[in-house]
Amino acid sequence: QLQVRESGGGLVQPGESLRLSCTVSGLPDSGRDTIVAAVAWFRHAPGRYREALLCIDNMGGGTTNYQYADSVKNRFTISRTNDKTTVFLQMNSLKAEDTGIYYCATRWGNCQKSRTLFRTWGQGTQVSVSS
């Protein structure tokens, strides 16, 4: 059974950077390169819906990244360790509107934008951007 847990949130000033980590457990010890699994980062900002930001999967045997939110384009990137147990969200040039709770979620299969297609979620980590 897949499980995820986020870490790395905190309070930063506008323009600063922060890296969030999502630890993935429950992946099989063998066959990770053939089993397709996706990990996505979502953000729930105050007064807004939970939106998909970026996603990473291994569909086709390689690594594919997807960007869903235009608001984080050229500022946020997603990556993961080779053993697929940790997925990072690197956030640069942070803005006040990036404030929110950041969740990682995982699913068997390829990346999807819809949060309803992700069954496994972490508890979230708070990111606050303020001067």
Exercise. Which of the residues that make up segment 64-78 are part of a strand (DSSP E or B) and touching a Phe, Trp or Tyr at 6+ places or on another chain (Cβ under 9 Å)?
Worked result: GLN67, PHE76, THR77, ILE78
Problem set entry | Set SER93, SER114: member being in contact (Cβ under 8 Å) with a residue 24 or more places away in the chain, on the phi > 0 side of the Ramachandran plot and among the polar types (S, T, N, Q) | SER93
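Per-residue answers, yes or no, for (1) modelled with pLDDT of 95 or more; (2) out of contact with any Phe, Trp or Tyr (no Cβ under 9 Å at 6 or more places or on another chain):
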site: SER7; (1), (2): yes, yes
site: LEU18; (1), (2): yes, yes
site: GLY26; (1), (2): no, yes
site: ARG32; (1), (2): no, yes
site: ALA38; (1), (2): no, no
site: ARG43; (1), (2): yes, no
site: ASN58; (1), (2): no, yes
site: GLY62; (1), (2): no, yes
site: THR81; (1), (2): no, no
For this session: Return the total of residues in segment 57-96 being over 23 Å from ILE35 (Cα atoms) and loosely packed, with under 13 Cβ neighbours inside 10 Å.
Result: 4
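The values are calculated or read from the model by the stated rules, or taken from the named source; none is laboratory data. It should be emphasised that the depicted structure is a prediction, and the values quoted were computed from it without experimental measurement. No Cβ is skipped: glycine too gets one built from the backbone with ideal geometry, and neighbour counts run over all protein chains shown.
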